[in-house]
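A.B. asks: Have a look at the structure that comes next, please.
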Amino acid sequence: MKQIVEKINEADLILIGLGEELDTLTLLKHDSQYQRRLETIENSWLAPYMESVEIKKHGEEIKDLYTRFSNCLKGKNYFIVSLCRDGLVRESGFDAERIVEPCGGYGKMQCSVGCSAELYDVPEDILRQVEGYLNEIDTSDVTKKEIDIPDYIKEPVCPHCGKPLVFNNVAAAHYVEEGYLPQWSVYKKWLQGTVNKKVCLLELGVGMKYPTVIRWPFEKIAFYNQKAELIRVHDRLYQLTEEIKGKGIGICRKPEEFMKELSNVF
């Protein structure tokens, strides 16, 4: 771990990839109450709102982890590409201008049929109403076959076409990518400055769900840039390809455990 700290400190630039293993929604799969709630309302339009509520409720541990990690990068030239939809990396001390989230999240809404590229604020009153309704479900014997959404919870609709609004992320059937593309341009410009520079690529919990976003591009940088080195952390898919062996380290660890230990060593 001390060697990894040295590599980070010696690097001219640090490129960080946060994968789905760190997403709060992934971690919630092990929460029995969350699973019961999801089973109850999974076929209704309330389900994504429940996800947003649960992220706020269970995200403090991940936020604390990111905050500690952000302290390790103060004063360093870094950029973060995150596949996580929970948006917590933006709330943890990192510079928002150095983060891009191509999978979107729960911070903005869009038209469900993509009638325009316009994004909308999330109605906070609906989130409060959904949270209250979920608490009622927890204390009742309601099942998903019996679910009857209260009349006071109204699904928000697009002001242009009247179709329902949905969260602006990859779960949307017509994902409006304009939500992240401006920041993606900033990221691409930052990448241009990595040529012939000593780059530390830190890949945390990145699987094969969206390999063209982080995993394969990071491997490409490690292959072509002779001064780049890839540190890949995953509890299963930590292996390096044959082409970049000797240009990095594969670590079989849960990314959250690795980040805790790294923060303690800094």
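The values are calculated or read from the model by the stated rules, or taken from the named source; none is laboratory data. As the structure is a prediction and not an experimental result, all values here were calculated from the model. When we count neighbours, we look across all protein chains shown, and the Cβ atoms used for this are built from the backbone with ideal geometry, even at glycine. Note: areas computed on protein heavy atoms with side chains; ligands, DNA, RNA excluded. Shrake-Rupley method; radii C 1.70, N 1.55, O 1.52, S 1.80 Å.
A.B. asks: Run the helix sum for the chain: -39,500 (n - 2.57) per DSSP H stretch of 4+ residues, divided by residue count, reported at 222 nm to the nearest 500 deg cm²/dmol. Working shown, then result.
C.D. replies: Values: 9 runs with 96 residues, N = 266.
The helix contribution divided over the chain gives -11000 deg cm²/dmol.
A.B. asks: Around residue 249, which amide H atoms from residues at least 5 apart in sequence, or from another chain, sit under 5 Å from its own amide H, with H modelled in the peptide plane?
C.D. replies: 230, 231, 232
A.B. asks: Could you pull the accessible area for residue 45 with a 1.4 Å probe, rounded to 10 Å²?
C.D. replies: 60 Å²
A.B. asks: Hey, can you grab everything whose amide H is under 5 Å from the amide H of residue 78? Only 5+ residues off in sequence or another chain; H modelled, so Pro and N-termini drop out.
C.D. replies: Answer set, sorted by chain and number: 14.
A.B. asks: Rank 84, 200, 115 by mean-square fluctuation in a GNM of the chain with C-alpha springs under 10 angstrom and give only the top-ranked residue.
C.D. replies: The residue with the greatest mean-square fluctuation here is 115.
A.B. asks: Less than 19 Å apart at the alpha-carbon level, and either on another chain or at least 8 residues along: which lysines does that give for residue 209?
C.D. replies: 29, 220, 254
A.B. asks: On full extension of the chain, what length is gained from residue 91 through residue 9, given 0.36 nm per residue of separation minus the C-alpha to C-alpha distance? Let's see the in-between values first.
C.D. replies: Values: separation 82, 0.36 × 82 = 29.52 nm, distance 2.39 nm.
Stretched out fully, the residue 91 to residue 9 stretch lengthens by 27.1 nm.
A.B. asks: Would you give the gap between the C-alpha center of the range 28-101 and the C-alpha center of the range 1-24, rounded to a whole Å?
C.D. replies: Computed from Cα coordinates, the inter-centre distance equals 18 Å.
A.B. asks: Heads up, I need the accessible area for residue 37: 1.4 angstrom probe, whole protein in place, Å², nearest 10.
C.D. replies: It works out to around 10 Å².
A.B. asks: Run the 1.4 Å probe and let me know the accessible area of residue 160, rounded to the nearest 10 Å².
C.D. replies: 120 Å²
A.B. asks: Take residue 148, project a point 7 Å from its Cα along the Cβ direction, then tell me which residues of the range 43-60 have their backbone nitrogen under 20 Å from it.
C.D. replies: Hits in the range 43-60 for residue 148 at 20 Å: 43-47.
A.B. asks: Whole-Hz ³J(HN,Hα) for each residue in the range 219-225, computed from phi via Karplus 6.51 cos²θ - 1.76 cosθ + 1.60 with θ = phi - 60°, x for glycine and proline: what do you get?
C.D. replies: Coupling constants for the range 219-225: 4, 5, 5, 4, 6, 8, 8 Hz.
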